[in-house]
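Below is one structure; the comments refer to it alone.
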Amino acid sequence: MSAIEFQDFSCFYKYKKEYIAALDHINLCVENGELLVILGQSGSGKTTLLKCVLGLCDYISGQLYIDGIPIDQFDLKNSNIGYIRQELNLYPHMTVYENIAFPLRMIHTPQAEVDRRVKELAALLEIDWLLTRKPKQLSGGQLQRVAIARALIKNPVTVLFDEPFSAIDPTLRTEMRQLVKKIHQTFGCTILFVTHDLTDALNLAERVVILEEGKIEAVGTPQELTQKGYL
Ligand code: ADP
Ligand code: MG
């Protein structure tokens, strides 16, 4: 069974009285434990695709299954999908520790368990020395690590990255890509990584999906797509 499966799936936004397709007849199987990069220009439908997986889109047609369960029957509140948004969305008034701990607080996890998990993850992401700071006291790369730690704190089976590295410099991006690979290896999670950056696709992906105006243009390994002239 695929982790995520789109069958003839479309998603629309309502604009005045019209419905405009942001995703147009998508067919795609994401396998368990796969690191899939979704590559496309701005406006191609990348964020919409992630939002559909999170059940956040109103007007859909076709089928979307998460672990074999149709999206409309999937219990998203209790699901375990980590999501790192483009804007990171950290809580400015909370410390790094409390930002990371937040998803566990919401499910009333005992403090000893919270403490153990936060410290373990902070060590893995090399931000253990920043736990008492507030977000405004962090660099761009550090903020990203905190957002990633918060998304991983409940040990998700699937992690969605929405262009988290678009605003940072190239040297740091290389470092962050290594970090995504490390997370993939350590947790064995399925990763959907959305980007407009060709270098991300070439260096990170096991498989790349090229999205163009809501349609899948091509799917393959970075090598296959390079040979075919897509990358
Ligand atoms: P990407 O993440 O690849 O930049 P998006 O998924 O954000 O693309 O957007 C895909 C298309 O859907 C774009 O044409 C965008 O303008 C449109 N769109 C996105 N969000 C909305 C919305 N809330 N209402 C109307 N149109 C939207
Ligand atoms: Mg986007």
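The values are calculated or read from the model by the stated rules, or taken from the named source; none is laboratory data. Quantities reported herein were computed from a predicted structural model and do not represent experimental measurements. All Cβ positions, even for glycine, are placed from backbone atoms using ideal geometry, and neighbour counts span all protein chains on display.
Just the residues that are farther than 18 Å from residue 142 by Cβ and basic (Lys, Arg), please, taken from the stretch 74-89.
Of everything in the stretch 74-89, just one residue is farther than 18 Å from residue 142 by Cβ and basic (Lys, Arg), namely 77.
Test of understanding: among 29, 57, which residue is free of Cβ contacts under 8 Å to residues at least 60 places away in the same chain, touching a Lys or Arg at 6+ places or on another chain (Cβ under 6 Å) and surrounded by fewer than 21 Cβ atoms within 10 Å (Cβ to Cβ)?
Sole residue among the options that is free of Cβ contacts under 8 Å to residues at least 60 places away in the same chain, touching a Lys or Arg at 6+ places or on another chain (Cβ under 6 Å) and surrounded by fewer than 21 Cβ atoms within 10 Å (Cβ to Cβ): 57.
Which members of the stretch 71-88 meet the condition of being exposed (fewer than 12 other Cβ atoms within 10 Å of the Cβ), within 19 Å of the chain's Cα centre (by Cα) and away from ligand 1 (no atom under 16 Å from the Cβ)?
75, 77, 78
Counting residues that are among the hydrophobic types (A, V, I, L, M, F, W, C), which helices (runs of 4 or more DSSP H) fully inside the stretch 138-231 reach at least 2?
140-152, 170-187, 198-204
Among the strands (runs of 3 or more DSSP E) contained in the stretch 1-73, which hold 1 or more residues that are on the phi > 0 side of the Ramachandran plot?
Working: elements: 4-15, 18-30, 35-39, 59-66.
Strands (runs of 3 or more DSSP E) meeting the threshold: 4-15, 18-30, 59-66.
Can you tell me which residue is surrounded by the fewest Cβ atoms within 10 Å (Cβ to Cβ) among those in the stretch 196-231 that are within 16 Å of ligand 1 (Cβ to nearest atom) and at positive phi?
So the residue we want is 213.
Conditions tested, residue by residue: (1) within 28 Å of residue 47 (Cβ to Cβ); (2) touching a Pro at 6+ places or on another chain (Cβ under 7 Å); (3) modelled with pLDDT of 95 or more; (4) not aliphatic (A, V, I, L, M).
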| residue | (1), (2), (3), (4) |
| --- | --- |
| 101 | yes, no, yes, no |
| 114 | no, no, yes, no |
| 140 | yes, no, no, yes |
| 153 | yes, yes, yes, no |
| 160 | yes, no, yes, no |
| 170 | yes, no, no, yes |
| 175 | yes, no, no, yes |
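Among (1) over 23 Å from residue 189 (Cα atoms); (2) of a type in the set (A, V, I, L, M, F, W, C); (3) surrounded by 18 or more Cβ atoms within 10 Å (Cβ to Cβ), there is one condition residue 20 misses while meeting the rest; what is its number?
Going through the list (1) over 23 Å from residue 189 (Cα atoms); (2) of a type in the set (A, V, I, L, M, F, W, C); (3) surrounded by 18 or more Cβ atoms within 10 Å (Cβ to Cβ), residue 20 breaks only (3).
In the stretch 147-186, how many residues are in contact with a Ser or Thr (Cβ under 7 Å, 6 or more places away or on another chain) and more than 16 Å from residue 86 (Cβ to Cβ)?
Number satisfying all stated conditions: 2.
Give me the pairs: first residue in the stretch 163-183 and of a type in the set (Lys, Arg), second residue assigned to a helix (DSSP H, G or I), beta-carbon distance under 6 Å, and six or more apart or on different chains, which are they?
Here the result reads 177/203; 177/204, each pair linking the stretch 163-183 to a residue that is assigned to a helix (DSSP H, G or I).
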